[in-house]
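The structure appears below as structure tokens.
What follows is calculated from the coordinates using simple rules that are stated; it is not laboratory data. For clarity, every value in this text was computed on a predicted model and none was experimentally measured. Note: ideal-geometry Cβ built from the backbone for every residue, glycine included; neighbour counts use all protein chains shown.
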Amino acid sequence: MGMVLVPRDARLPPESLLLSLDTRREGEPGRCVKVGRATGEFMAHTCARLLLLACLGLWAEAWTLDGPTEPFGWLVKDSQCHRMLKHLHNGTRITVQMPPNVEGHWVSTSCEVRPGPEFLTRSYRFYANNTFLAHQFYYKDNHCTTPAYTLAVRGRLRLRQASWIIRGGTEAEYFLHRVQIACHTATVAKELSQRLNRSCRGAASGPWEPGVVYELWSEESGHDCSRELNFAMHELQLLRVEKQYTHHHLEQLVEELFLGDVHTEAAQRLYYKPSSYQAALQNAKKHDHGCMACRIISRSDELHPPILPPRADLTVALYGQWVSQRCEVRPEVLFLTRHFIFHDNNHTWEGHYYHYSDPVCKHPTFTLYARGRYSRGLHSTRVMGGTEFIFKVNHMTVTPMDLATTSLLNVFSGNECGAERSWQVGVEQDVTLTNGCVALGIRLPHTEYELFRMEQDAHGRYLLYNGQRPSDGSSPDTPEKRATSYQMPLVQCSTSSQSPDHSSRGGRQLWIHNGAIRHVTSTLVALLMALLLCWQN
């Protein structure tokens with residue numbers, strides 16, 4: 001499913017190339033300059049420059065007509081799926097705090113799954129004096145109903161500068177003061193004490209007991225036994241705070257805290273610097289009113305872990321259409337939204353991947369369309385609650401959505417990514433016959449070993465989770481590399497799998513955004529004004 005996402009070694013347009021297209025700083029308004037009495041020569045130069053700028057503006061807007069601002073124009077405009085993607089594209093209800101104010105109490109919204117797998121919930125408190133207390137509650141089951149042990153982490157956080165790697169994020173550094181552990185069953189206490197006593201001197205003088213807090217690391221002690229658990233708080237090195245009004249209650253403000261992602265290989269967690277985000281935490285005082293887990297987790301501590309209501313595992317039924325709920329982030333500066341269509345009658349699938357250059361998904365760079373087949377699902381023996389599938393991709397198209405990406409694709413010679421030097425902004429091209437697109441790091445045909453699970457949220461909507469991409473940028477193309485955790489969930493937008501016949505769209509331009517017409521009109525007005533000014537002088 002994720003095989004069409006660009007890996008970290010893909011040759012994407014450099015940021016400098018994107019910035020060179022517009023020398024104004026982001027958000028800088030146009031300036032009005034008052035001009036006094038001018039000589040005829042000066043006015044002649046002014047007329048010439050105005051005419052040149054107007055003509056260049058008209059030429060640029062012609063490119064806008066070729067390159068639509070809507071990357072998902074093929075959708076039926078009044079469909080629920082289109083409306084949901086349109087809402088994400090507009091991003092009108094989301095406000096990002098820069099720098100972020102993290103002071104307060106933040107909690108998980110559900111039972112989370114980390115690579116391993118590890119099942120946990122989180123409760124983090126950040127104080128005005130820059131110290132923090134983080135509780136990580138670990139469980140034996142995928143619904144977080146059976147607590148195993150809790151880590152209580154105390155330390156200090158210092159925000160630094162805006163991230164150079166992930167736009168919209170803020171870099172930070174943290175300092176630990178103390179790491180403690182409390183076990184919640186006799187069996188877990190015995191297993192952990194034996195494990196830590198073998199590998200870490202000073203972990204415990206004897207067998208551990210449930211309901212007792214033990215020290216794994218502190219500034220005063222001479223030992224660090226937290227490493228045996230592959231423990232790290234590197235997630236605090238990348239932060240982002242968003243405020244938004246929910247779809248269900250437009251007057252309800254929800255604050256979310258995104259922290260850095262955790263490496264998919266447990267042994268690499270101690271050395272990994274985040275380049276994406278985990279599932280968001282919500283402010284305990286400003287959370288979605290339908291979030292029962294938020295209320296339960298906010299009242300817990302290391303000796304009283306949250307116990308979430310038991311739920312049955314839903315059968316993963318791949319049918320209908322599913323779309324992203326937010327602008328998603330991938331490692332190494334990739335922002336995208338996704339739209340999947342599953343045809344359960346013949347086990348075929350379609351995927352639309354809309355890539356952007358910004359963290360709120362307003363500026364499209366390119367779109368990928370892929371289709372293929374998938375196997376019947378089998379219950380995972382490794383990840384509780386997960387279902388395993390095998391996905392194959394045998395067809396793909398690429399649509400560049402900006403000049404930078406188009407130029408990149410036209411640089412490559414030979415038959416490595418569509419027809420050589422034939423790419424145009426907004427024009428889709430089939431890359432199946434060239435076995436994918438080398439410029440975007442995509443090879444066809446392709447097979448991936450996937451992991452899925454399905455849930456229902458507090459508002460009754462069905463959510464679909466598929467496997468988290470490997471942190472090293474590779475692809476899960478062998479059974480051993482199958483994910484043990486999940487990406488951000490998709491939400492079902494239609495139970496119907498009917499979509500426009502994509503095969504009939506090859507090589508055609510996407511529909512034109514109405515705003516482009518308005519821009520061309522304003523440019524023509526500017527051209528006429530320039531001509532009038534020159535005629536009068």
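Once backbone amide H atoms are built at 1.01 Å from N, Gly441 has Arg11 as its partners under 5 Å, excluding neighbours fewer than 5 places away on the same chain.
Could you name the lysines in cross-link range of Lys481, using Cα to Cα under 17 Å and dropping any fewer than eight places away on the same chain? Reachable lysines: Lys392. With an 8 Å cut-off on Cα pairs and a minimum separation of 6 or more residues, tell me the relative contact order of segment 307-388 in percent. Relative contact order, segment 307-388: 21 percent. Taking 19 Å as the straight-line reach from the Cα of Lys140, the lysines in range (excluding those fewer than 8 positions away in the same chain) are Lys190. Excluding same-chain neighbours fewer than eight residues apart, the lysines reachable from Lys86 by a Cα-Cα span under 17 Å are Lys77, Lys362. Each residue of segment 313-318 is assigned a 3J(HN,Hα), and the resulting list reads 5, 7, 5, 6, 10, 7 Hz, derived from the Karplus form 6.51 cos²θ - 1.76 cosθ + 1.60 (θ = phi - 60°), x at Gly and Pro. By definition, a body whose alpha carbon gyration tensor gives a ≥ b ≥ c is prolate when a/c is 1.5 or more and a/b is larger than b/c, and segment 358-483 fits this prolate description. Working ranking of peptides 175-186, 304-315, 482-493, 338-349 by packing, defined as the average number of other Cβ atoms within 10 Å per residue, highest first, is 482-493, 175-186, 338-349, 304-315.
In this structure the amide hydrogen of Ser494, modeled in the peptide plane, comes within under 5 Å of the amide hydrogens of Gln321, none closer than 5 places in sequence on its chain.
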